[in-house]
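Engineer: Can you read through this structure? Questions will come right after.
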């Protein structure tokens with residue numbers, strides 16, 4: 001198995017940025033749970049970190065290496081700061097475009113992965129869960145599936161800043177990331193808007209897996225988005241279980257999401 005960390009210049013965010021990677025090109029077949037994943041070409045997974053995180057989180061706290069080996073996945077983990085993986089609308093601040101377009105192109109040219117939509121997925125935890133859903137819906141031509149764990153689906157709360165006083169994000173930071181709260185719900189920052197636009201345009205939208213711990217403070221907003229997807233007739237699967245906003249939960253439910261997405 002090959003693993004490492006690379007730095008390259010990304011035009012969309014106008015900076016040199018890091019991403020970590022794991023590629024299942026050297027393994028012992030006896031260690032594999034289900035050999036059927038090696039009856040097909042290696043698929044690609046872009047795996048996103050949460051607020052205050054970095055590209056190495058899924059290597060050191062998470063199970064990226066084991067998931068790469070067990071599911072025959074080339075996994076790429078970018079660093080984007082506390083951006084919520086959103087485009088700011090100016091050169092140097094387009095984090096959605098970086099994750100959904102520029103990074104897959106760079107991976108394709110450098111590694112030969114992310115070759116087509118069918119074999120490319122996106123996943124993440126917390127802020128990265130929001131980012132996985134939002135990026136998949138903004139770039140449905142790139143991703144066929146999305147795995148969203150403990151997703152920070154806080155758009156409706158951000159639209160009413162009074163409910164964010166005790167948030168980990170200061171109000172000035174919230175405004176910098178999401179823009180004018182009064183315009184947020186009707187903007188493309190809202191995954192519900194992106195879903196409806198894609199559906200109305202007849203686009204092939206990615207299937208979505210969602211999981212959340214019942215003791216997680218984000219449980220309520222995940223229920224709201226689950227009900228939205230149900231009402232829209234989306235291709236998605238939702239489950240919850242005992243757990244908080246911790247690696248114990250994410251490391252248990254990432255493989256469950258992969259099992260569903262790779263069926």
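The values are calculated or read from the model by the stated rules, or taken from the named source; none is laboratory data. Please read these numbers as outputs of a predicted model, since none were measured by experiment. Here the Cβ is made from the backbone with ideal geometry for all residues, glycine too, and neighbour counts use every protein chain on show.
For every residue, the table says whether it meets (1) modelled with pLDDT of 95 or more; (2) over 30 Å from residue 69 (Cα atoms).
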position	(1), (2)
169	no, yes
199	yes, yes
209	yes, no
217	yes, yes
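Engineer: Now for a separate question. For the structure I just gave you, tell me whether residue 48 is surrounded by 15 or more Cβ atoms within 10 Å (Cβ to Cβ), under 22 Å from residue 7 (Cβ atoms) and touching a helix residue (DSSP H, G or I) at 6+ places or on another chain (Cβ under 8 Å).
Structural biologist: So residue 48 passes the test.
Engineer: In addition: Using the structure shown, decide if residue 133 is under 18 Å from the mean Cα position of the chain (by Cα), in contact (Cβ under 8 Å) with a residue 60 or more places away in the chain and closer than 25 Å to residue 36 by Cα.
Structural biologist: Against the criterion (under 18 Å from the mean Cα position of the chain (by Cα), in contact (Cβ under 8 Å) with a residue 60 or more places away in the chain and closer than 25 Å to residue 36 by Cα), residue 133 does not qualify.
Engineer: Taking the condition of being buried (at least 16 other Cβ atoms within 10 Å of the Cβ) and out of contact with any strand residue (DSSP E or B) (no Cβ under 9 Å at 6 or more places or on another chain), how many residues in the range 3-45 meet it?
Structural biologist: The qualifying residues number 1.
Engineer: (1) in a loop (DSSP other than H, G, I, E, B); (2) over 17 Å from the mean Cα position of the chain (by Cα); (3) at pLDDT 95 or above: which one isn't true of residue 109, the others all being true?
Structural biologist: Single failed check for residue 109: (1).
Engineer: Quick check on my filter: what residues within the range 112-131 are part of a helix (DSSP H, G or I) and closer than 21 Å to residue 23 by Cβ?
Structural biologist: Result: 117, 118, 119, 128.
Engineer: Taking the condition of being under 16 Å from the mean Cα position of the chain (by Cα) and not in a loop (DSSP other than H, G, I, E, B), how many residues in the range 48-67 meet it?
Structural biologist: Number satisfying all stated conditions: 6.
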